[in-house]
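Visitor: Shown below is the structure under consideration.
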Amino acid sequence: MPTEKITAGAAGDWTLGDRTVRRMGFGSMRITAHPDRDRAVRVLRRAVELGVDHVDTAAFYVSPGGTLNVGTGPTRYATDLIRAALAPYPDDLVIATKVGFRYDPATGLGEDAGPAALRTQVEENLRRLGRDHLDLVNLRIVKRPAPDSVAERFGALAAMREAGLIRHLGLSNVRLDHLDEAQTVAPVVCVQNSYALDNRGDQDALLRECGARGIAYVPFFALAGANREGGARTDHGAAVHAVARAHGATAQQVRLAWTLHQGAHVLAIPGTGDPDHVAENVAAGALRLSADELAALG
């Protein structure tokens, strides 16, 4: 499908607290993986040029060093790259970040950061982004068998919200009981979980419940699916390819369009380190799927 004149506005809008954002955003996880810093800057600027006003990042998006993004050359923080590319920031730009998760370098496994460490991660985000407050902070947890509580950690973020360091709060990698508990502590504007056309897990009910409560549902790994950190998958299945052919679109665009069709409160944050892919991802917001196509896909 043509991409030259399609902007992020084609996907429609949603509100995150008191901020209105376009439903097609940008995820910054992959921009640290390439050794060319200027390339990452071009990717970010291209996304904003195309109308993206919701950029997702995290305190732990850093490469190299055994984290989500392993590359070569000097350590690169996604937050540093965002500042280099976009500061001074447009007034309408919302930067969402995640704290509460860290990697144990000895094991290479993820672990939860305690309440005290949350303050350190928030302050690091402020410093690296060059902001006096953060638009949206998601508490990212290591999901364990129930019962496990998020109240203490979410309460620590709520205190920073009251102090003016954070504007809005969300949750990441959580269940419905986590959302229920967090909402007794402070307002929740979004839930960010792994969710994809071919990797939905048990998320459908939580997605619907977020919509009923007016909370944004923000899938990550919408393109990668079960491949997760391995990147966008290539084995999309016959139904995806058939819909793509019918629309003159790519399989990746169909996956993103399907994501947006799951509800008006669903936001897409596809990530890429390739400047040529940014416009393609944004253009997926203009792809309208019929009921028959959605049934064939889902």
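Any read-out appearing in this document is the output of simple, stated calculations on the displayed coordinates, not a laboratory observation. This structure is a prediction, so every number in the text was calculated from the model and none was measured. Every residue, glycine as well, gets a Cβ built from its backbone with ideal geometry; the counts of neighbours run over all protein chains shown.
Visitor: Can you tell me the FRET efficiency between T15 and A212 if r is taken as the Cβ-Cβ distance and R0 is 22 Å, rounded to the nearest 0.05?
Guide: 0.90
Visitor: Which value, in debye to the nearest 20, describes the size of the charge dipole of the chain about its Cα centre when Lys and Arg Cβ atoms bear +1, Asp and Glu Cβ atoms bear -1, and nothing else is charged?
Guide: Result for the chain is approximately 360 debye, rounded to the nearest 20.
Visitor: Oh, and also: Using a Förster distance of 25 Å, how high is the FRET efficiency between D132 and A186, based on the Cβ-Cβ distance and rounded to 0.05?
Guide: 0.80
Visitor: Arrange the following residues from fewest to most other Cβ atoms within 10 Å of their Cβ: I215, I31.
Guide: Going from least to most buried by this count: I215, I31.
Visitor: Tell me, D80, D180, D135 in order of fewest to most beta-carbon neighbours within 10 Å?
Guide: Ordered from fewest to most neighbouring Cβ atoms within 10 Å, D80, D180, D135 come out as D180, D80, D135.
Visitor: What spacing in nm lies between the two simple spin-label points modelled at A146 and A159, each 7 Å away from Cα in the Cβ direction?
Guide: Using points 7 Å along Cα→Cβ, the separation is 2.8 nm.
Visitor: Based on DSSP H runs of at least 4 residues, each adding -39500 (n - 2.57), what is the mean residue ellipticity at 222 nm of the chain after dividing by all its residues, to the nearest 500 deg cm²/dmol? It would help to have the intermediate numbers written out before the result.
Guide: Numbers: 10 runs with 103 residues, N = 298.
Taken over the chain, the calculation gives -10000 deg cm²/dmol.
Visitor: Using Cβ counts within 10 Å as a stand-in for footprinting exposure, how do R45, R175 rank, fewest first?
Guide: R45, R175
Visitor: Here is a follow-up. Tell me, what is the FRET efficiency for L176 and A87 to the nearest 0.05, using R0 = 45 angstrom and their Cβ-Cβ distance as r?
Guide: 0.75
Visitor: At what distance in angstrom do the alpha carbon centres of the range 182-212 and the range 249-298 lie from each other?
Guide: If you average the Cα positions of each part, the centres end up 18 Å apart.
Visitor: Hey, quick one: spin label on H241, modelled 7 Å out along Cα-Cβ, who in the range 255-298 has an amide N within reach, i.e. under 20 Å?
Guide: In the range 255-298, the label zone of H241 (backbone N under 20 Å from the point 7 Å along Cα→Cβ) covers 255-258, 293-298.
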